[in-house]
1. Using alpha-carbon pairs under 8 Å, 6+ residues apart, how would you state the relative contact order of segment 23-147 in percent?
2. Taking amide H atoms as placed 1.01 Å from N in the peptide plane, list the residues 5 or more away in sequence, or in a different chain, whose amide H sits under 5 Å from that of residue 119.
3. So between residue 85 and residue 122, what do we pick up on full extension, going 0.36 nm a residue minus the alpha carbon distance?
4. Please report the Cα spread of segment 23-147 along all three principal axes, rounded to whole Å, starting with the longest.
5. Report, by chain and number, residues whose modeled amide H sits under 5 Å from the one on residue 139, excluding near sequence neighbours (fewer than 5 apart, same chain).
6. Cut-off under 13 Å on the C-alpha distance; same-chain residues fewer than 8 positions from residue 101 excluded. Which aspartates and glutamates are left, in chain and number order?
7. Highest mean first, what order results for 60-73, 107-120 on Cβ atoms within 10 Å?
8. Which is farthest toward the positive dipole end of segment 23-147 among 125, 139, 70, measuring Cα position about the Cα centre, with Cβ charges +1 (Lys, Arg) and -1 (Asp, Glu)?
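What follows is calculated from the coordinates using simple rules that are stated; it is not laboratory data. Values in this document were obtained by computation on a predicted structure and should not be read as measured data. Cβ placement follows ideal geometry from the backbone for every residue including glycine, while neighbour counts extend to all protein chains displayed.
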Amino acid sequence: MALAGGSKDEVMRVIAEAKARVLPYIAVPTLTYLRRSGRVGAGVAVLGSLLNVKPILTMKDGLVTAVDRVRTYPKALARVTELLEQASRGRQVRLAVVYSKVYDEARRYCAELERKLHVEDEPIVTEIGAALAVHGGPGMLGAVIYRLGK
């Protein structure tokens, strides 16, 4: 748009609209790496580990935040799926599954999401970047959808 002569305000409007359509959710299998990176305190990590609590993270206003916490990792992935289904509101979506060191599980999860969501185009399955993987450690798995239409 900027190259086509659009104004700064027009470009910022298009970016804001695109950001509102992108919804990431990631399940973290252990609190160990969140504790090591300083994202959670030692007490929270110990208690959470004892209770087998698994956080579900999202990105809001440029910050990583916990959107939910559930017990057991399979329940965390099921909750991520629920959140994606709710967020898609039955619309067509583009899908990317992100993971850290669990490629085979990511492929299975991608197939599950394709059955439950209205996915347009071939989904992307990609390893999460190191800047985020360092906080959640190996085993992180989640998805990002981009809602299409209005």
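1. Working: 229 pairs, mean separation 44.4, N = 125.
Relative contact order here is 36 percent.
2. 93
3. Gain on stretching residue 85 to residue 122: 11.5 nm.
4. 43, 28, 25
5. Residues meeting the amide H criterion: 100, 101, 102.
6. 127
7. Result, highest mean Cβ count within 10 Å first: 107-120, 60-73.
8. 70
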